[in-house]
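A.B. asks: The structure that follows is given in the form of structure tokens.
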Amino acid sequence: MNEAPIVRRMRVVEGILGACFILLALRLIFLHTRPDPSRVRKADASSRFVRIQPAPRGRIYDGSRTPVLLAASVARKDLCADPFILHQRTNVAAAVALLAPFLNQPASRLEERLANSSNRFVYLQRHLPEEIAEPIWQAISNAGLHRSYGIYLRDSTFRKYPHGDHLCHVIGFASRDVVERGLAGVELVFDRYLQGVPGVIRGRRDAFSTELYTLREDETPPVPGADLYLTVDGTIQYFAEEAIEEAIIAHRAKGAWAIVQRCHTGEILAMASRPAFDLNRFSESSADQRTNRAISIVYEPGSIFKPVVLALAFERKLVTPSQVFDCESGSWFHEGRILRDYHPYARLSVADILKKSSNIGTAKIALLLGNEYFYEGARGFGYGRRLGIELPNEEAGILWSPRSPNWSRLTCSRMAIGQGVAVTALQMAGMMSAIANGGYLLRPWAVRRVVAADGTVLKQGEPEVLARPISAETSALMRYLLTRVTEEGGTGTRARIEGYRVAGKTGTAQKVVQGRYSETDYVASFAGFFPADQPEITVVVGVDEPQPFHTGGVVAAPVFARIALQTARYLALKPCSLDNESSIP
Amino acid sequence: MRRTSQAVLIVVAMLVGIGMLTLASATGYKGVAEKGDPFWYVRLQAIYLAFGIVLSTGAAFFDYHWLRSKPLLIFLAVLTVGLLLLVFVPGVGVAVKGSRRWIRVFGLGRVQPSEFAKLTVVILLSAWMALKGRKAENLREGLIIPLGVLGMILLLILAEPDLGTTVLLAATGVILLVAGGSRKSHLLVSGVLGICGLVLMVLQDPVRMKRLLAFARPDGYADARYQLTQSENAFFLGGIWGKGYGEGLQKMGFLPEAHNDFIFAVLGEELGLLATVGVVVLFALLTFLGLKISRRAPDRFGCLLALGLTSLLALEAIINIGVVTGCLPTKGLALPFMSAGGSSLISSLLAIGMLLNVARHGEGTDVHTRLSGEFDEQTLNQAFHPAGGRC
């Protein structure tokens, strides 16, 4: 080597720098060709996102000619926060001070929610309407807080029930989750139809969770849920609700219920139950308020059960209407127990047994039926089983089989007067409709149509015969006999309405309290149909624990009359002609 | 030497070209988000580039020996120290993320004095070492005075704080001292002392300590290592062929400073192995061309100046790429010619201008043989400076 020191030293520098470049090139080759698969996956996933777009839940309409909206989901915004990011990038106290005036919440509450800095998600306020959300977002943007991505608005929907407690037990309610799920009523039963299919957006996002629109991979728009059209008519429902509410006040009752049904189709036109609750505040309601008394409460029906006995007896031709029974002057010793009548009678025809509601007479007829036929016949009228209305929590009631150990020697005579059997109001309506329509037990139904967002009808409700307990002749006879109940001398005179003849039966059932029949707690009920000659509408009314008056004829029949009259006027039913007095066929 | 100069120009043009392309891709997103214009940063960089080309053309065509004049050197030193001090003047200095590295200059935006301090240091040290010649073996001329000057500037930069530039300048200074003829024993002792100082610096600064620990033990310091992880991921995601120009996602906020210190990672993700190794090769080529110019410089000053400028650029590229590829702990150093930022681009182009200036004077003269033979400073000096004056 014949170099100057400076050149020699430069060679060293050159060598070191060259070596560095070679090492860097090797490092690059290593990085590019041998990526760590788990880190690649993680890095790739960090820019991906899947956003579920909630599908608007279907609407619910009533069954009137111009359907009235009963439930709908409206677009709202949820104000959300990421406390983790907020704590890292911004001043939480400043954010709280900014938001508190808008949100109607004390600052301390907001601070509390944002306190946990490892938390990645909290709701600050849910379901903000656009007109409130907009100024909030403006304020956030003006303060520059939006750039931290720690506070953001998210689309959501909010289920609104514009009529509050109107029809609350039938409509039910949906959860306030991101995807609203039906929790009660038709909201629950038809949840599958109402829900719709959420939309999905798949794509890429930047590090601040802002979507990179050009890299969107998949976008499936949400399919709105199907709309529900009920059979229930809002106006008739209103009549029923008003009537039972006033009855509760007038009779200091614990509760009341009413069902209005088209007797030829089984459609439910009204189903009212009180006490009720505001659907918009369902979370504040009690279980008692949420109970749909029309289908979920079982009670011993009392005298209202008697038409079953008579109808079955006529069907087998075991008795005729004019046949006379000894009513034992109001006290009959049978199978070791005394059976009493409310008003003592010596002798009554079968027709009058019904009209005067004689316990002894009815019990004697029931004994003619025989246990097995009585049981089968009662089942044929829909007792002891669910009728299959499209509502949750329908009770089956209790109807003992003669073969079951619960059936005693007394059962036949006691069941005849509506004791030892438990029913729902819906079963009473089914029975009355069967008597009214020529003997067909129809399935009660509350949903007329399910219509998809594109207009296709997904489900169409239609009448369905469940059983035929009696013939048309028996049915006609029973119609006549039940009409007599509301005539002078009958127990249901207060059920009469102007212009229409009404058929029906009163019921005054003692409630069982601590295993004994109570002397003070009754269920007063009335079930009937009108116009009696050409029946259209069945109405069942029940009042729970009325005080001090407690008989069906005094408490429930006027409620029936009120609902029936308004309904008849509303539906413009043909009044009975004056000269056409009905007679025994 | 004409061909060497041309080669340097081509290499630099390619680096600038690749840099602008990568920058356009890396800042499109940022530009839209912050300025509403995807080309905002590219346009700004193009203006800096135009400035840089004008200034570096000027730097290439005066006689670099003027730089040896004492008043000019003193002026440069005072100017540099003054600018570095201005950084700390409230209202003039601008602090970003806790570092006061910039001063606000009316009409030009933010200027980073340390970028120009690098050139000053190289000029001052080359001039001093060339002036002292054989005396550099003395402790006073070879070590204490140059290290004193260097140390003063380094302390100012370190105080900003800007450890990256400090380390870079220290390394460049050491190379100049080594080449300039300081004694190895002197250098060794001061080198050990310097490293000790550096270690102390790091130990007393929790942020740096964390960065270093994150580099050494990746698992334990996840958040401190975030930048490095994201940077390495960019190369992983790019693979051999890259995702394609403009298709990278790491620049979308995942990789901090994607347009700046980490622009090389964007290149890696989008254009793959060929581009990244290509850039390394280009920097290596520039280094060898620069060292060739240095060896063929007409005199000792030109030789040291070219060496200093080349080392400066080469070391900056090595440190930057080393950081981005996860070989070195995180530093705030730009990649010459490619990173966004006017000060860095203009000072790098100025360095190239001066390098070409040296090359131009080396033209037609077989200085290499003179240098490689018995070196006679006096003869050499007279050959190029008939007017005389001590060398």
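The values are calculated or read from the model by the stated rules, or taken from the named source; none is laboratory data. Quantities reported herein were computed from a predicted structural model and do not represent experimental measurements. No Cβ is skipped: glycine too gets one built from the backbone with ideal geometry, and neighbour counts run over all protein chains shown. We work out accessible area using only protein heavy atoms, side chains counted, and drop any ligands, DNA or RNA first. Shrake-Rupley method; radii C 1.70, N 1.55, O 1.52, S 1.80 Å.
A.B. asks: Condition first: among the basic types (Lys, Arg) and open to solvent by less than 50 Å² (accessible area, probe 1.4 Å). Now tell me which residues in the stretch A:356-366 satisfy that. Break it down stepwise before answering.
C.D. replies: At the first step, the residues of the stretch A:356-366 found to be among the basic types (Lys, Arg) are A:356, A:364.
Correct list: A:364 only.
A.B. asks: Kindly check whether there is at least one residue in the stretch A:138-157 that is more than 25 Å from residue A:207 (Cα to Cα) and either touching a Phe, Trp or Tyr at 6+ places or on another chain (Cβ under 7 Å) or modelled with pLDDT under 90 (or both).
C.D. replies: Initial filter on the stretch A:138-157 (more than 25 Å from residue A:207 (Cα to Cα)): A:157.
Checking the rest, the ones that are also either touching a Phe, Trp or Tyr at 6+ places or on another chain (Cβ under 7 Å) or modelled with pLDDT under 90 (or both) come to A:157.
Yes, the conditions are met somewhere in the stretch A:138-157.
A.B. asks: Any residue that is modelled with pLDDT of 90 or more, part of a helix (DSSP H, G or I), open to solvent by less than 60 Å² (accessible area, probe 1.4 Å) and charged (D, E, K, R) - is there at least one of those in the stretch A:60-81?
C.D. replies: no
A.B. asks: Given the criterion open to solvent by less than 10 Å² (accessible area, probe 1.4 Å) and assigned to a helix (DSSP H, G or I), identify the matching residue among B:55, B:84, B:67.
C.D. replies: On the way: B:55 fails: open to solvent by less than 10 Å² (accessible area, probe 1.4 Å); B:67 fails: open to solvent by less than 10 Å² (accessible area, probe 1.4 Å).
That would be B:84, the only listed residue that is open to solvent by less than 10 Å² (accessible area, probe 1.4 Å) and assigned to a helix (DSSP H, G or I).
A.B. asks: Also, I was wondering about something else. Which count do you get for residues in the stretch A:101-115 that are touching a residue at least 12 places away in the same chain (Cβ under 8 Å) and assigned to a helix (DSSP H, G or I)?
C.D. replies: Residues flagged as touching a residue at least 12 places away in the same chain (Cβ under 8 Å) and assigned to a helix (DSSP H, G or I) within the stretch A:101-115 amount to 6.
A.B. asks: Tell me, which strands (runs of 3 or more DSSP E) lie completely within the stretch A:149-229 with 2 or more residues that are open to solvent by less than 10 Å² (accessible area, probe 1.4 Å)? Spell out the reasoning first.
C.D. replies: Numbers: elements: A:151-160, A:199-204, A:218-220.
Correct list: A:151-160, A:199-204.
Per-residue answers, yes or no, for (1) open to solvent by 10 Å² or more (accessible area, probe 1.4 Å); (2) at pLDDT 95 or above; (3) assigned to a helix (DSSP H, G or I):
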position	(1), (2), (3)
A:311	no, yes, yes
A:321	yes, no, no
A:329	yes, no, yes
A:342	yes, no, no
A:345	yes, no, no
A:354	no, no, yes
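Per-residue answers, yes or no, for (1) touching a residue at least 40 places away in the same chain (Cβ under 8 Å); (2) closer than 23 Å to residue A:439 by Cα; (3) touching a Cys at 6+ places or on another chain (Cβ under 6 Å):
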{"residue": "A:372", "(1), (2), (3)": "no, yes, no"}
{"residue": "A:378", "(1), (2), (3)": "yes, yes, no"}
{"residue": "A:392", "(1), (2), (3)": "yes, no, no"}
{"residue": "A:404", "(1), (2), (3)": "no, no, no"}
{"residue": "A:409", "(1), (2), (3)": "yes, no, no"}
{"residue": "A:413", "(1), (2), (3)": "yes, no, no"}
{"residue": "A:416", "(1), (2), (3)": "yes, yes, no"}
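A.B. asks: If you don't mind, there's one more thing I want to ask. Taking the condition of being under 25 Å from residue A:213 (Cβ atoms) and without any contact (Cβ under 8 Å) to a residue 60 or more places away in the chain, how many residues in the stretch B:226-252 meet it? Spell out the reasoning first.
C.D. replies: From the stretch B:226-252, those under 25 Å from residue A:213 (Cβ atoms) are B:230, B:233-234, B:237-238, B:242-252; that's our starting set.
Cutting the leftovers down to without any contact (Cβ under 8 Å) to a residue 60 or more places away in the chain gives us B:230, B:233-234, B:237-238, B:242-244, B:247, B:249-250.
Looking only at that region, the number is 11.
A.B. asks: Give me the residue from the stretch A:116-134 that is within 11 Å of residue A:153 (Cα to Cα) and in a helix (DSSP H, G or I) and, out of that set, least open to solvent (accessible area, probe 1.4 Å). Break it down stepwise before answering.
C.D. replies: Step one: of the stretch A:116-134, the residues within 11 Å of residue A:153 (Cα to Cα) are A:123-128, A:130, A:133-134.
The next check asks that each one be in a helix (DSSP H, G or I); those that pass are A:130, A:133-134.
Values: A:130: 94, A:133: 1, A:134: 86 Å².
This residue is A:133.
A.B. asks: Please determine, by comparing only the residues of the stretch B:28-47 that are of a type in the set (Phe, Trp, Tyr) and either more than 26 Å from the chain's Cα centre (by Cα) or outside any helix (DSSP H, G or I) (or both), which one is surrounded by the fewest Cβ atoms within 10 Å (Cβ to Cβ).
C.D. replies: At the first step, the residues of the stretch B:28-47 found to be of a type in the set (Phe, Trp, Tyr) are B:29, B:39-41.
Next cut, either more than 26 Å from the chain's Cα centre (by Cα) or outside any helix (DSSP H, G or I) (or both) only: B:29, B:39.
On the way: B:29: 21, B:39: 15.
The selected residue is B:39.
A.B. asks: Taking only pairs six or more apart or across chains, which ones have beta-carbon atoms under 7 Å, a first residue in the stretch A:38-57 that is on the phi < 0 side of the Ramachandran plot, and a second residue that is open to solvent by 60 Å² or more (accessible area, probe 1.4 Å)?
C.D. replies: From residues that are on the phi < 0 side of the Ramachandran plot, the pairs are A:50/A:202; A:54/A:178; A:55/A:197; A:55/A:223.
A.B. asks: A further question follows. Looking at B:228, B:249, can you tell me which residue is modelled with pLDDT under 90, touching a Lys or Arg at 6+ places or on another chain (Cβ under 8 Å) and surrounded by 17 or more Cβ atoms within 10 Å (Cβ to Cβ)? Show your work before the answer.
C.D. replies: Details: B:228 fails: touching a Lys or Arg at 6+ places or on another chain (Cβ under 8 Å).
Testing whether each residue is modelled with pLDDT under 90, touching a Lys or Arg at 6+ places or on another chain (Cβ under 8 Å) and surrounded by 17 or more Cβ atoms within 10 Å (Cβ to Cβ) leaves just B:249.
A.B. asks: For residues that are in a loop (DSSP other than H, G, I, E, B) and more than 16 Å from residue B:249 (Cα to Cα), tally how many sit in the stretch A:28-57. Walk me through how you get there before you give the answer.
C.D. replies: Looking only at the stretch A:28-57, we keep the residues that are in a loop (DSSP other than H, G, I, E, B), and these are A:34-36, A:47, A:54-57.
Retained after the next criterion (residues that are more than 16 Å from residue B:249 (Cα to Cα)): A:34-36, A:54-57.
So the count comes out to 7.
A.B. asks: Moving on to the next point. So how many residues does the stretch B:314-356 have that are over 17 Å from residue B:17 (Cα atoms), within 12 Å of chain A (Cβ to nearest Cβ) and open to solvent by less than 20 Å² (accessible area, probe 1.4 Å)?
C.D. replies: The total comes to 10.
A.B. asks: A further question follows. Residues B:174, B:189, B:149: which one is within 14 Å of chain A (Cβ to nearest Cβ), over 18 Å from residue B:342 (Cβ atoms), open to solvent by 40 Å² or more (accessible area, probe 1.4 Å) and in a helix (DSSP H, G or I)? So that I can check it myself, show each step before the final result.
C.D. replies: Details: B:189 fails: within 14 Å of chain A (Cβ to nearest Cβ); B:149 fails: within 14 Å of chain A (Cβ to nearest Cβ).
From the options B:174, B:189, B:149, the qualifying one is B:174.
A.B. asks: Taking strands (runs of 3 or more DSSP E) that do not extend beyond the stretch A:455-528, which have at least 1 residues that are open to solvent by less than 70 Å² (accessible area, probe 1.4 Å)?
C.D. replies: Numbers: elements: A:457-460, A:465-467, A:503-513.
By residue number, A:465-467, A:503-513.
A.B. asks: Filter the stretch B:255-280 down to the residues that are surrounded by fewer than 24 Cβ atoms within 10 Å (Cβ to Cβ) and aromatic (Phe, Trp, Tyr) and list them by number.
C.D. replies: Passing the criteria: none in range.
A.B. asks: Would you confirm whether any residue within the stretch A:264-278 is buried (at least 18 other Cβ atoms within 10 Å of the Cβ) and in contact with a Leu (Cβ under 6 Å, 6 or more places away or on another chain)?
C.D. replies: yes
A.B. asks: Among the residues that make up the stretch A:44-59, is at least one of them more than 51 Å from the chain's Cα centre (by Cα), closer than 17 Å to residue B:235 by Cα and at the interface with chain B (Cβ under 9 Å from one of its Cβ atoms)?
C.D. replies: Our first condition is that a residue be more than 51 Å from the chain's Cα centre (by Cα); within the stretch A:44-59, this holds for none.
No, the stretch A:44-59 has no match at all.
A.B. asks: Would you point out the residue of the stretch A:230-244, among those that are among the acidic types (Asp, Glu) and surrounded by 17 or more Cβ atoms within 10 Å (Cβ to Cβ), that is nearest to residue A:274 (Cα to Cα)? Break it down stepwise before answering.
C.D. replies: Step one: list which residues in the stretch A:230-244 are among the acidic types (Asp, Glu), which gives A:233, A:241-242.
Now restrict to residues that are surrounded by 17 or more Cβ atoms within 10 Å (Cβ to Cβ): A:233, A:241.
Numbers: A:233: 18, A:241: 8 Å.
By that ranking, first place goes to A:241.
A.B. asks: Can you pull out every residue in the stretch A:4-36 that is more than 8 Å from every other protein chain (Cβ to nearest Cβ), modelled with pLDDT under 90 and closer than 30 Å to residue B:268 by Cβ?
C.D. replies: Of everything in the stretch A:4-36, just one residue is more than 8 Å from every other protein chain (Cβ to nearest Cβ), modelled with pLDDT under 90 and closer than 30 Å to residue B:268 by Cβ, namely A:34.
A.B. asks: Let me ask you something else. What number of residues within the stretch B:25-71 satisfy the criterion of being among the hydroxyl-bearing types (Ser, Thr, Tyr) and within 25 Å of residue B:121 (Cβ to Cβ)?
C.D. replies: Taking the stretch B:25-71 as the starting set, the residues that turn out to be among the hydroxyl-bearing types (Ser, Thr, Tyr) are B:25, B:27, B:29, B:41, B:48, B:56-57, B:64, B:69.
With the extra rule that they be within 25 Å of residue B:121 (Cβ to Cβ), the set shrinks to B:48, B:56-57, B:64, B:69.
Total satisfying the criteria: 5.
A.B. asks: Next up: Under 7 Å by Cβ, and 6 or more places apart or on different chains, what pairs join a residue from the stretch A:82-99 that is in a loop (DSSP other than H, G, I, E, B) with one that is loosely packed, with under 14 Cβ neighbours inside 10 Å?
C.D. replies: So the pair list comes out as A:82/A:120; A:82/A:121.
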